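Before any comments, here is the structure.
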Amino acid sequence: MATLIRRITGTLCLVLAVACACYAFAVRNTHSGTSFWIVWLAFAVLFAILGFGLLFRWWTILPRLVRGILIAVACIGLVVFGTVEGCIVSKMHAQGKPDLDYVVVLGAQVRKSGPSKALRYRLDTAADYLRNSPDTICIVSGGKGANEPFPEAQGMADYLKAHGIEEGRILQESKSKTTQENIVNSKKLIAGDNASVGIITNDFHMFRALQIAHDNGLDEAQGIAAGSPPDMLVNNMVREFFAEIKFLFS
């Protein structure tokens, strides 16, 4: 029975290795502007090593202490991953109150053809909110990355204007390169210490975005979650896990 379980588990690991490798190239081909697809190749290598190790009994060569440490690290990692992902999921459907004084739309990649797919989700959510809250001012936040033809804020403002939002309701913050800078720089454009503020970003990004907003003086900021491309959700959720760990230790 133990041998059968070992073989099944080893085979499953090899299947996961192939799946991760295929997903890496699928993510790469989306031209998302990040190199996170390499992480999926690393996962593929790890699963392959584990799979072959189980099938060829490499595991038994290791000293018992080393095996115990590896198992403990794996268990702790799974608990941490599950906890962080649970926190991310808890804010994926956040909906702020209507008629806030400001909404801040966080930037993402823009191309010559317009906003990326993920950014369009944010902007469409912002446009819907602004139509239903006619007195709300919108701050679009994002600078120009090395692989972008113009500042994200410019592309975002153009998109909103093309979708019926008046130019006078849009403020552009075009210097920031990170979510932290998005929040800090956008806060400078908000008039009044007691203004109500909503943060608009993709569902997977909302938990960390609100953390950053609250840490930078927007204590009452509300989340307004936009959707995200379904085919990239797994990638974005895993990527956000690492981003959250980096944020917690920064």
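Kindly flag which residue pairs out of LYS112/LYS188; LYS97/LYS144; LYS91/LYS112; LYS112/LYS246; LYS117/LYS161; LYS187/LYS246 have an alpha-carbon separation exceeding 27 Å in this structure.
As for pairs spanning more than 27 Å Cα to Cα, those are LYS112/LYS188; LYS97/LYS144; LYS91/LYS112; LYS112/LYS246.
Helix 2-28: angle to the longest alpha-carbon principal axis of the chain, degrees 0 to 90, nearest 10?
Taking the Cα atoms of the chain, the angle to 2-28 is about 30 degrees.
If you build a Gaussian network model of the chain, linking Cα atoms that sit under 10 Å apart, which residue out of GLY114, GLY68, GLY198 swings the most?
GLY68
So for the pair ALA26, LEU78, with labels modelled 7 Å out along Cα→Cβ, what separation do we get in nm?
That separation, rounded to one decimal, is 2.4 nm.
Looking at the chain only, what percent of DSSP beta bridges run antiparallel? Nearest 5 please.
Values: 2 of 20 bridges.
Rounded to the nearest five, the antiparallel share is 10 percent.
For region 48-63, in order, what is each residue's ³J(HN,Hα) by Karplus, 6.51 cos²θ - 1.76 cosθ + 1.60 with θ = phi - 60°, in whole Hz (x at glycine and Pro)?
5, 4, 5, x, 5, x, 6, 5, 9, 6, 5, 4, 6, 6, 6, x
How high is the relative contact order of region 1-122, in percent, counting Cα pairs under 8 Å that sit 6 or more residues apart?
22
Give the accessible surface of region 1-48 per residue, rounded to a whole number of Å², with probe radius 1.4 Å and ligands, DNA and RNA excluded.
Result: 63 Å² per residue.
Which number comes out as Rg/Rh for region 1-88 once both Rg and the Kirkwood Rh are worked out on C-alpha atoms?
Numbers: Rg = 15.5 Å, Rh = 14.7 Å.
Answer for region 1-88: 1.05.
State the percentage of accessible surface on region 177-250 attributable to carbon and sulfur atoms; use a 1.4 Å probe and exclude ligands, DNA and RNA.
54
Can you pull out the trypsin sites (Lys or Arg not before Pro) in region 1-70 that DSSP calls coil and that have at most 14 other Cβ atoms within 10 Å?
Sparse-neighbourhood loop trypsin sites (Lys or Arg not before Pro): ARG57.
Please report the net charge: other residues with Cβ closer than 11 Å to the Cβ of SER35, K and R +1, D and E -1.
+2
Given springs between every Cα pair under 10 Å in a Gaussian network model of the chain, which of VAL84, VAL105, VAL15 has the largest fluctuation?
VAL15
Taking a virtual spin label 7 Å from the Cα of VAL234 along the C-beta vector, which residues in region 1-19 bring their backbone nitrogen under 20 Å of it?
The answer is 9-19, whose backbone nitrogens lie closer than 20 Å to the label point.
Just tell me the longest site-free run in the chain, where the sites are chymotrypsin sites (Phe, Trp or Tyr not before Pro) in a DSSP loop having at most 12 other beta-carbon atoms within 10 Å.
On the way: sites that count: PHE56, PHE249.
Answer - 57-248.
Which aspartates and glutamates have a Cα less than 14 Å from the Cα of LYS177, not counting those fewer than 8 places away in the same chain?
In chain and number order, the partners are GLU148, GLU152.
Once both labels are modelled 7 Å past Cα along the beta-carbon direction, what's the ASP99-ASP128 spacing in nm?
Placing both labels 7 Å beyond Cα along the Cβ direction yields 2.1 nm.
Using a 7 Å offset from the Cα along the Cα-to-Cβ direction at both CYS87 and THR178, what is the distance between the two label points in nm, to one decimal?
With each label point 7 Å from Cα toward Cβ, the separation is 1.7 nm.
Would you calculate a helix-derived [θ] at 222 nm for the chain, using -39,500 (n - 2.57) for each DSSP H run of n ≥ 4 and dividing by the full residue count, to the nearest 500?
Details: 8 runs with 135 residues, N = 250.
Computed mean residue ellipticity for the chain: -18000 deg cm²/dmol.
On a 0 to 90 degree scale, rounded to 10, what angle separates helix 64-90 from the longest Cα axis of the chain?
Roughly 20 degrees between the two axes.
Give me, ordered by chain and number, the residues 5 or more places off GLY223 or on other chains with an amide H under 5 Å from its own placed amide H.
Hits under the 5 Å cutoff: ILE199.
Using a probe radius of 1.4 Å on heavy atoms only, what accessible surface per residue do you get for region 169-250? Whole Å² is fine. Write down the numbers at each step before the final one.
On the way: 3950 Å² over 82 residues.
Normalised by residue count, the accessible surface of region 169-250 is 48 Å².
Can you give the three extents of the C-alpha atoms in region 43-121 along their principal axes, from longest to shortest, in whole Å?
Per principal axis, max minus min of the Cα coordinates gives 63, 33, 15 Å.
The values are calculated or read from the model by the stated rules, or taken from the named source; none is laboratory data. Predicted, not measured: the structure shown is a model, and the values here were computed from it. So basically every Cβ, Gly included, is an ideal-geometry build from the backbone, and we count neighbours across all protein chains shown. Remember, those area values only see protein heavy atoms, side chains included, never the ligands or the DNA or RNA. Shrake-Rupley method; radii C 1.70, N 1.55, O 1.52, S 1.80 Å.
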